[in-house]
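Here is the structure we will look at.
The values are calculated or read from the model by the stated rules, or taken from the named source; none is laboratory data. Because the structure is predicted, anything quoted here is derived from the model rather than measured. Every residue, glycine among them, receives a Cβ derived from its backbone with ideal geometry; neighbour counts consider all protein chains shown. With ligands, DNA and RNA removed, areas are computed over all heavy atoms of the protein, side chains included. Shrake-Rupley method; radii C 1.70, N 1.55, O 1.52, S 1.80 Å.
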Amino acid sequence: IVLSSKYEFHGIDNASGLKMLNNSSIMFTSGAQVAFTNCVLELNNDLVNAEVSPSFFNINNANASFIGCEIVANFTGSGSVFVSDSSTVSFENCGITICADRYSSLFSGVRTNLTVSGGRYTTIAPTAVIFSLSSGIFSLTDSYCKVYSNLGRVAELSGVSASITGNNFFAELKGDSSAASRVTPVWFDGRSKFIQNTNNTVSGFPGGTY
C-alpha cells in the first residue's frame with residue numbers, strides 16, 4: 001500500500017483496521033501526511049525461509065502520526081515494524097508489539113524526529129531493540145517499554161538529541177554472554193546528548209540504568 005498525499009484513517013470500533021500477510025508493507029512516500037487514529041493494524045509474516053522481511057511501515061520524507069492504535073507484527077526471520085528516513089513520526093497512547101525469530105526492531109529511524117507519549121511498546125526476539133535511531137530528535141515520555149530477549153535494549157541512539165522522562169523499562173533477558181550481563185536499557189554514543197533524563201524506572205537490565 002502506497003500513501004503519497006494527505007490521509008486520515010479513523011477507527012470506529014475494535015475491528016477497524018488492516019490485517020496484512022507475507023511481505024506486505026505500507027509505504028509513506030515523499031511529502032505524505034498520514035494519521036491513524038483508533039485503528040488495529042496487524043502484519044503476520046510467516047514465510048518459512050524469510051531471513052529479513054520488509055518493514056510493516058516504511059516512512060520516507062513524510063509526516064506520520066498514530067493515536068490510540070494497536071499494532072502487531074510477527075516475523076519468522078528478522079523484521080521491523082517501522083523504518084523511517086528523514087521524517088517526523090509520533091505515537092500517542094499506542095500499543096505496539098513485534099515478535100521475530102531472529103532480530104526485531106520496533107522502530108528504526110535515520111534523520112528522523114520521533115515523539116512517543118504514553119502507551120505500551122514491546123519487542124520479542126533473541127536479539128531485540130525497541131527504538132533505534134541515528135541522527136534526529138527522540139522524545140519518550142510516560143510509556144511502558146518491555147524487552148523479551150537474549151540480548152536486548154529499549155533504545156540505541158547515535159547522534160541523537162533525546163528527552164527520556166517518566167517511563168517504565170522492563171526486561172526479561174535470558175542471554176548468558178558477557179554482553180548480556182552488562183546490558184542497560186539505553187545505549188548512546190558520544191555524539192548523542194540528553195536534554196532531559198529523569199524519573200525512569202528500570203527492572204530486569206543487569207547493567208543498571210544507563
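Before moving on, here are some points about what is shown:
- Within segment 134-157, the set of residues being open to solvent by 30 Å² or more (accessible area, probe 1.4 Å) and either more than 14 Å from Gln196 (Cα to Cα) or of a type in the set (A, V, I, L, M, F, W, C) (or both) comprises Ser134, Ser135, Ile137, Tyr144, Lys146, Tyr148, Asn150, Leu151, Arg153, Glu156.
- Residues that are more than 17 Å from the chain's Cα centre (by Cα) and surrounded by fewer than 18 Cβ atoms within 10 Å (Cβ to Cβ) number at least 2 in the following strands (runs of 3 or more DSSP E) confined to segment 1-95: 6-10, 17-20, 33-37.
- Residue count, segment 160-173 (criterion: assigned to a strand (DSSP E or B) and under 18 Å from Arg120 (Cβ atoms)): 7
- Looking only at segment 181-208, residues that are open to solvent by less than 70 Å² (accessible area, probe 1.4 Å) and in a loop (DSSP other than H, G, I, E, B) come to 10 in all.
- Check on Phe131, open to solvent by 30 Å² or more (accessible area, probe 1.4 Å), closer than 20 Å to Cys99 by Cα and part of a strand (DSSP E or B): no
- So Asn167, is it closer than 17 Å to Gly119 by Cβ, in contact with a Leu (Cβ under 7 Å, 6 or more places away or on another chain) and of a type in the set (S, T, N, Q): yes
- Every condition in (1) outside any loop (DSSP other than H, G, I, E, B); (2) open to solvent by 40 Å² or more (accessible area, probe 1.4 Å) holds for Asp176 except the one numbered (1).
- Segment 186-210 residues that are more than 19 Å from Ser143 (Cα to Cα), paired with ones that are part of a loop (DSSP other than H, G, I, E, B) and among the aromatic types (Phe, Trp, Tyr) (beta carbon under 9 Å, 6 or more apart): Phe188/Tyr210
- Exactly one residue among Asp142, Asp85 is within 23 Å of Asn45 (Cβ to Cβ) and modelled with pLDDT of 95 or more, and that residue is Asp85.
- For segment 96-121, a residue qualifies if it is open to solvent by less than 20 Å² (accessible area, probe 1.4 Å) and within 16 Å of Ser80 (Cβ to Cβ), and the qualifying residues are Ile96, Ile98, Ala100, Ser104, Ser105, Leu106, Phe107, Gly109, Thr112, Leu114, Val116, Tyr121.
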